[in-house]
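Structure record follows, encoded as structure tokens.
What follows draws every value from the coordinates through simple rules; no lab data is involved. For clarity, every value in this text was computed on a predicted model and none was experimentally measured. For neighbour counting, all protein chains shown are included, and Cβ atoms are generated from backbone atoms with ideal geometry for every residue, glycine included.
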Amino acid sequence: MTFPRSAGILLHPTSLPGPYGIGTLGKEARRFIDFLSLAGIRLWQVLPLGPTGYGDSPYQSLSAFAGNPYLIDPDELVELGILDDRSANAARSENRGKVDFGELFVKRNALLDKSWENFTKTGKEQTATAIAAPATGAASVQATSTLVTSTLATSTLAADFSKFKKENSFWLDDFALFSAVKEEMGHAPWNLWPEKLKRRDPQALAEFAGTSAHADRIGRHEFVQFLFYRQWTALHDYARSNGIRIIGDIPIFVAYDSADTWSQAPLFQLDEQLNPIKVAGVPPDYFTATGQLWGNPLYDWPANQRTGYVWWIARIRAAFALVDVLRIDHFRGFESYWAVPAKDTTAANGVWEKGPGTELFKAIFAELGELPILAEDLGFMTPEVQALRNTLGFPGMKILQFAFESETDSGDYPHNYGRNCIVYTGTHDNDTSTGWFNATKPDIKERALAYTAGTPESFSWDMIRTAWSSPACIAVAPAQDLLGLGSEARMNYPGRQDGYWSWRMKEGALTQDIAARLQRLTRAYFRLS
């Protein structure tokens, strides 16, 4: 698929400002879309949108299909009538600069519990009150009218919820059950559950779901997903109405402690005890001397092939229901992937194993048609990986920071780019442009300043200008670079487990002056749609 020359900003919704301890899908998300529109930017790139587990990484989600409940906007729940102002205010946080995931876990889950409780009670209470209301008098007519309106709103929400459950049952049933069992087990990973629940014994699952308390928790998790999808769909519609397309992101692998691995165990390389035989990672690279040990279970690709890749087709279909363009993280793993013995503590002793190659994508395209997909093809590249990407026609990625580390005229320099690629000043895995510049070696700084015709004071914008001027069909900068922020605003550091994914933007940081400056660059380099 051919992508028009355009520009985008990378900002995960968790990084948006707001009073609730984390960015949400509410008014601040719409303000960001307004900013992009004003700046002439037509692409908003986000990280994976799934619920995060231990470590808070969006690349280690509890589900490949579910949405992150933390992103649900409390103000919109108040507007729906399933939350009162007092409950919403209780979820507010003093932490505005960074996400406190521990605090968020307590406050946001309490808020969502209350929303579910109110939703399940409201309909019955309204009906009983309406029946008992007097039949005459102007005041009672007004009261009855208000009750009818409120009851109709609740009925409409209930009907929408019922429709959502039906349309998403292929993943929602397993995810809600998984989440309810996980809560009952003190959030222990599923491989530590009682044997029959761990192995999905039908009778054991039916008995668990059959108790009223557990059924209520299952319903609560279904309802929370309904709220997420409802809000995300509305936000996505708002983006489209403003000419903004959203670039989503899916990791090639899923987390071991996820509804996907639990419910689809035969599709993964697991032993008789359902423990991973080998796990995912990458060999020693730019970031780490011993490689990165991700720990994700590896796919049993022959088993996936025997199903006609139905789980993968469902996953891609679900992703495109949420976004317009899809970035596939660690694309090279479809050609071959680094398989590390599960007992190892580093990724140094892994081996390359063959992935499904074009066969998987042929199955996906046969079912879903041609799709706008971007390939994250960084890391240890081979001619075979490049051939796979080229055969599929997917644009690959370039990281501008990497160019200046080479003294030779390498392919990382923008003047050597082909058109079919996406250039980033840096991604969520890189330092900010300012942070990178401040920390790098003097000779690299000299090359970077010479190539960008930049200065230390304006370096992040010099990087944006250089990326925007390149031949790449798409140019993307993290929001941090628009603000000239340093390493304190870094989103992630590959190979480090704690303390990342928590950066948040200050309220009002993206000003009209910044939008105007960005719009001038976007126009000058013909990236306005």
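Here the label points at ASP113 and LYS98, each 7 Å from Cα along the C-beta direction, are separated by 2.7 nm in the simple model.
For THR233 and HIS415, what does the FRET efficiency come to when R0 = 30 Å and r is the distance between their Cβ atoms, rounded to the nearest 0.05? My answer for the efficiency is 0.10. The length gained on full extension between LEU205 and ARG240, counted as 0.36 nm times the residue separation minus their Cα-Cα distance, comes to 8.5 nm. For region 1-89, the relative contact order is 26 percent, taking Cα pairs closer than 8 Å that sit 6 or more residues apart in sequence and dividing their mean separation by the residue count.
For LYS166, the lysines whose Cα comes closer than 28 Å to its Cα, not counting residues fewer than 8 places off in the same chain, are LYS114, LYS121, LYS124, LYS182, LYS196, LYS198. Here the peptides 4-12, 519-527 are ranked by packing, the mean other Cβ count within 10 Å, and the order with the highest first is 4-12, 519-527.
A simple packing score, the average count of other Cβ atoms within 10 Å per residue, orders the peptides 470-478, 211-219, 373-381 as 470-478, 373-381, 211-219, with the highest score first.
Normalising the average separation of contacting C-alpha pairs (under 8 angstrom, six or more residues apart) by the number of residues puts the relative contact order of region 159-282 at 29 percent. For LYS398, the aspartates and glutamates whose Cα comes closer than 14 Å to its Cα, not counting residues fewer than 8 places off in the same chain, are ASP329, GLU376, ASP377, ASP412, ASP429.
Counting each pair of different Cα atoms once, what's the Kirkwood radius of region 1-111 in Å, rounded to one decimal? Final number for the Kirkwood radius of region 1-111 is 15.2 Å. Exposure proxy shown here: for TYR229, TYR424, the number of other Cβ atoms within 10 Å sets the order, fewest to most, as TYR229, TYR424. Take every pair of alpha-carbon atoms less than 8 Å apart whose residues are at least six positions apart; their mean separation over the length of region 6-524 yields a relative contact order of 18 percent. Can you work out the FRET efficiency for the pair ALA289 and SER458, with r the C-beta to C-beta distance and R0 = 41 Å, to the nearest 0.05? About 0.75, to the nearest 0.05. Each DSSP beta bridge with both residues in the chain is either parallel or antiparallel, and the antiparallel ones are about 35%. Calculated FRET efficiency, GLU195 to GLU353, Cβ-Cβ distance, R0 = 25 Å: about 0.25 to the nearest 0.05. Running Debye on region 6-524 with equal point scatterers at the Cα sites and no solvent, what base-10 log of I(q)/I(0) appears at q = 0.10 Å⁻¹? Calculated log10 I(q)/I(0) at the listed q: -0.84. Compared with the direct C-alpha span, the chain from ALA450 to ASP160 gains 98.6 nm at full extension, assuming 0.36 nm per residue.
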